[in-house]
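Trainee: Dumping the structure here so I can ask a few things about it.
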Amino acid sequence: MPSRDPELVAIVNITEDSFSDGGRFLAPRAAIAHARDLASSGADWIELGPASSNPDAGQVAAEEQVRRLSPVVDVLSDEDIPISVDATDPDVLCWALDHKVDMVNDIRGFPDPATRERVADSAARVVVVHSLLEQERATRDPATPLEVLASIDRFFDRRLREFAEVGVAEDRLIIDPGMGFFLSSDPLASVAVLQRIPELRARFGCPVFISVSRKSFLRKLTGRDVDQVGAATLAAELYAARQGADYLRTHDTSALRDGLTIASRLDEKR
C-alpha cells in the first residue's frame, strides 16, 4: 500500500433516479442524516449529487438542482463537513462555488470556458473528469481499452492546459479518468485504466480520483446486480488504493475504511 491512505469521498445522491439509491435521500432531512452517518464512519468528504448521470436518467433543471442542494449545503457547511458538489450544469456549479463548497466535480470535465474562469476565482479543489463523449450522462457506446487510454491522454493534455491558462493553480486540480459507461460498454476499458493509475499520476502530476463504486463494469464482470456488487467494489477500491489513487469516491465508507485499515496493517513490516 502507498504510505498514505487515499481520501474518501462519500456519495450522497439527492436524486430520484440514481442507479443504486435513487429517491432514498431526495428529502433534505434524509440526505443530511446520511451525510452525517458517512462522515462519522470515516468519510473525508461528502459529495452531493443533485442530478443523476446514469444513461437512463431524466433531465433536471438547474433551479431544481439548486433547490435540492441548498438546505443540505447550508447544514453541512455549518457543521464544518467538507463538501463536494457533483454537477454538470454551469449555473449549478457556479452556485456551488458562490456558496464556498470545498470541491466541485463535473463529469463532462468542465468544457465551458466561462465556468473554468469562475473556478479560477474560487478556492475550491477541482475534479476534472474524463468522459469519452463529454456528455451530461454516461453512455453505452463501445470503445477498446487502447481507444480509451488514448482519449484520456488527449483530454487531460488539453484540459489541464486550459485550466492553467485561466490561472487555476496546479495544486487545486485533481484528475478522474472515468469508469464504467463513462469510458466504454467494454469492462476491460475500466480495468485497463485502473492498471494505469501510477502512469497517470506520473504523466500529469496531479492527484488521481477514482470512482468504481457499484459501477457497470464490475456488475458485468461478476454477473451481479447492483445490490450484490459490494465485494467487487471493495476489491477494486483496495486495488486502486494500492496503485496510488489519492481519492476514492464510494457509497460504503465504512467498508472501505475498514478495508484500508486491514490492508495497511497487513503491509506493516514484522
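Since every read-out is calculated from the coordinates, none of them should be taken as a lab result. Remember, predicted model here, so these are calculated numbers, not experimental data. Positions of Cβ are backbone-derived with ideal geometry, glycine not excepted, and every protein chain shown enters the neighbour counts.
Trainee: Just want the answer: with Cβ charges of +1 for Lys and Arg and -1 for Asp and Glu, which residue in Leu248, Ser131, Pro82 is farthest toward the dipole's positive end in the chain?
Mentor: So the residue furthest toward the plus end is Leu248.
Trainee: Right, next: Stokes-Einstein at 25 °C, 0.890 mPa s, Kirkwood radius from Cα pairs: D for the chain in µm² s⁻¹?
Mentor: Approximately 132 µm²/s, per Stokes-Einstein.
Trainee: Using only alpha carbon pairs under 8 Å that are at least six residues apart, calculate the relative contact order of the chain and give it in whole percent.
Mentor: 20 percent
Trainee: Within the chain, which complete DSSP H helices have Cα atoms spanning at least 27 Å along the helix axis and a mean Kyte-Doolittle hydropathy of -0.5 or higher?
Mentor: Qualifying helices, which must be both long enough and hydrophobic enough, are 145-165.
Trainee: Something else: In debye, nearest 20: dipole of segment 7-267 around its Cα centre with unit charges on the Cβ of K, R (+) and D, E (-)?
Mentor: Here the size comes out at about 720 debye.
Trainee: Enumerate by residue number the trypsin sites (Lys or Arg not before Pro) in segment 86-193 meeting two conditions: DSSP loop (anything except H, G, I, E, B), and at most 16 other Cβ atoms within 10 Å of the site's Cβ.
Mentor: Loop-located and lightly packed - Lys100, Arg140.
Trainee: Between Glu117 and Asp78, what is 0.36 nm times their sequence separation minus the Cα-Cα distance? Round to one decimal in nm.
Mentor: 11.3 nm
Trainee: Excluding Pro207 itself, calculate the net charge of residues whose Cβ lies under 12 Å from the Cβ of Pro207, where each Lys or Arg counts +1 and each Asp or Glu counts -1.
Mentor: Net charge in that neighbourhood comes out at -1.
Trainee: Here is a further query. Report the longest stretch of the chain that contains none of the GluC sites (Glu not before Pro) sitting in a DSSP loop with at most 13 other Cβ atoms within 10 Å.
Mentor: Result, exposed sites excluded: 80-267.
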